[in-house]
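The values are calculated or read from the model by the stated rules, or taken from the named source; none is laboratory data. Every value quoted in this text rests on a predicted model; they were computed, and no experiment measured them. Reconstructed Cβ throughout: ideal geometry from the backbone, glycine too, with neighbour counts over all protein chains shown. Heavy atoms of the whole protein, side chains included, go into the accessibility calculation; ligands, DNA and RNA do not. Shrake-Rupley method; radii C 1.70, N 1.55, O 1.52, S 1.80 Å.
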Amino acid sequence: MNKIILSIAAMMFAVGVYAQRIPIAVLDFKAGAGVNQNDVNGISAILITFLSEDPQFAVIERNQINKLFEEQGLQHTSLTNPFILAKMGEMFNIRYVVVGDVNIVAEQYNIDCRALNVKTGNTVATAGEMWAINTSYRDVMKRLAQTLSSKIKNTKDNDDDEQIQPTVTINGVQWATCNVGRKGEFAKRPEELGSLYTWKEAQSACPSGFRLPTKSEMQSLEFAGSKLIPYKGVNGITYGNYNTIFLPATGFSKKGERKSNGLWGCYWTNSNKRHALHFNVNTNSNTATNIVKTSSYTSSASNTNGVTNVGGKLGKAVRCVKE
């Protein structure tokens, strides 16, 4: 009986210790001037080995991360997109990712890497090293891992203090990063659906200094690129490759009842033709239609995607732009 109790206690202690470790992932480093990508992959693999030796880190296997990128059709350059980082954090319970670049400068390898908070996209630690061509770099990578890990563990970065930028500029338009909640107020976070308004109500729903987007401004999002990226468990679409905004699938309301949230996104413009942006999220295949069609428009909101002419009495979401 005592042996069983001791075994259970040991297991609980092990789980507790693991839970206190910092979950982190190291992505394939980028090959720069004069460097072969296969060599760079070997360099990042050695960094993973040394970080894994630190008992305070729980390092996620790189092949699992690469599989996620393949399934989502993403490139590692997409890490400028905070919602992709957040997706990685959700799927693997990662707190930080390490990215880096390797170049040859003055006949020496030069490596620069940084750790990013997956919730905020902020850089929390940086480290760099140099070594001569044709020399061993294992000791260099060990030193790099020690420097980086020390900075990560000592960072004052706090996930609970995530700061949301009020606006993001895409194709010259300053978009609010959150939907309107109560009239004249933004929701607190990008994943919040916000309130739904008739077209008439929407005209005065934006906070001071903001307004509804024009039809052409809404359509301009298409040229920034779009991808379905569920964010913190909320279906929706991100726009932009570098600067990005997330539009949750808000649904719409009819006679005061919200319908199809998680399946449809519906956002008003200021057009007196009552144009609104619509997109459909196919939850079965985890894909979304390529939205904001510029070639044709319909007079009905039924089964359409893009900026369309719709009835003004339906309730739809409001995403504002800076005046």
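Report, ordered by the first and then the second residue, all pairs with beta carbons closer than 9 Å, sequence separation of six or more or different chains, a first member in segment 249-260 that is on the phi < 0 side of the Ramachandran plot, and a second member that is of a type in the set (F, W, Y) and modelled with pLDDT of 90 or more.
T250/Y267; S253/Y197; R258/F252; K259/F252
Can you find a residue that is under 28 Å from G240 (Cβ atoms), surrounded by fewer than 19 Cβ atoms within 10 Å (Cβ to Cβ), modelled with pLDDT under 90 and in contact with a helix residue (DSSP H, G or I) (Cβ under 9 Å, 6 or more places away or on another chain) anywhere in segment 148-158?
Scanning segment 148-158, I find no residue that is under 28 Å from G240 (Cβ atoms), surrounded by fewer than 19 Cβ atoms within 10 Å (Cβ to Cβ), modelled with pLDDT under 90 and in contact with a helix residue (DSSP H, G or I) (Cβ under 9 Å, 6 or more places away or on another chain), so the answer is no.
Can you go through L247, L221, L263 and tell me which one is modelled with pLDDT under 90, surrounded by 18 or more Cβ atoms within 10 Å (Cβ to Cβ) and among the aliphatic types (A, V, I, L, M)? I'd like the intermediate steps shown before the answer.
Numbers: L247 fails: modelled with pLDDT under 90; L263 fails: surrounded by 18 or more Cβ atoms within 10 Å (Cβ to Cβ).
Testing whether each residue is modelled with pLDDT under 90, surrounded by 18 or more Cβ atoms within 10 Å (Cβ to Cβ) and among the aliphatic types (A, V, I, L, M) leaves just L221.
Tell me, yes or no, whether segment 209-218 has at least one residue that is outside any strand (DSSP E or B), without any contact (Cβ under 8 Å) to a residue 60 or more places away in the chain, among the polar types (S, T, N, Q) and under 30 Å from V35 (Cα atoms). Full working, then the answer.
Initially, segment 209-218 is screened for residues outside any strand (DSSP E or B), giving 209, 212-218.
Those left that are additionally without any contact (Cβ under 8 Å) to a residue 60 or more places away in the chain: 214, 216.
Now drop any that are not among the polar types (S, T, N, Q), which leaves 214, 216.
The next check asks that each one be under 30 Å from V35 (Cα atoms); those that pass are none.
No; the residues of segment 209-218 include none that is outside any strand (DSSP E or B), without any contact (Cβ under 8 Å) to a residue 60 or more places away in the chain, among the polar types (S, T, N, Q) and under 30 Å from V35 (Cα atoms).
Select from segment 127-147 the residues that are farther than 16 Å from I46 by Cβ and either modelled with pLDDT of 90 or more or buried (at least 17 other Cβ atoms within 10 Å of the Cβ) (or both) and list them in ascending order. Let's see the steps before the verdict.
Taking segment 127-147 and keeping what is farther than 16 Å from I46 by Cβ, we get 132-134.
Residue satisfying the conditions is A132 alone.
Based on this model, can you work out whether S204 counts as free of Cβ contacts under 8 Å to residues at least 24 places away in the same chain and within 26 Å of the chain's Cα centre (by Cα)?
Numbers: free of Cβ contacts under 8 Å to residues at least 24 places away in the same chain: yes; within 26 Å of the chain's Cα centre (by Cα): no.
So S204 fails the test.
Being among the β-branched types (V, I, T), surrounded by fewer than 17 Cβ atoms within 10 Å (Cβ to Cβ) and over 24 Å from the mean Cα position of the chain (by Cα) is the filter here, so list the residues in segment 101-126 that pass it.
I104, V105
Looking at the structure I just gave you, is Q174 open to solvent by 10 Å² or more (accessible area, probe 1.4 Å), within 23 Å of the chain's Cα centre (by Cα) and not aliphatic (A, V, I, L, M)? I'd like the intermediate steps shown before the answer.
Values: open to solvent by 10 Å² or more (accessible area, probe 1.4 Å): yes; within 23 Å of the chain's Cα centre (by Cα): yes; not aliphatic (A, V, I, L, M): yes.
The answer is yes for Q174.
If a residue counts only when it is touching a strand residue (DSSP E or B) at 6+ places or on another chain (Cβ under 9 Å) and closer than 19 Å to I24 by Cβ, which strands (runs of 3 or more DSSP E) contained entirely in segment 104-203 have at least 3 such residues? Explain how you work it out, then say what you get.
Values: elements: 108-117, 123-132, 167-170, 173-176.
So the answer is 108-117, 123-132.
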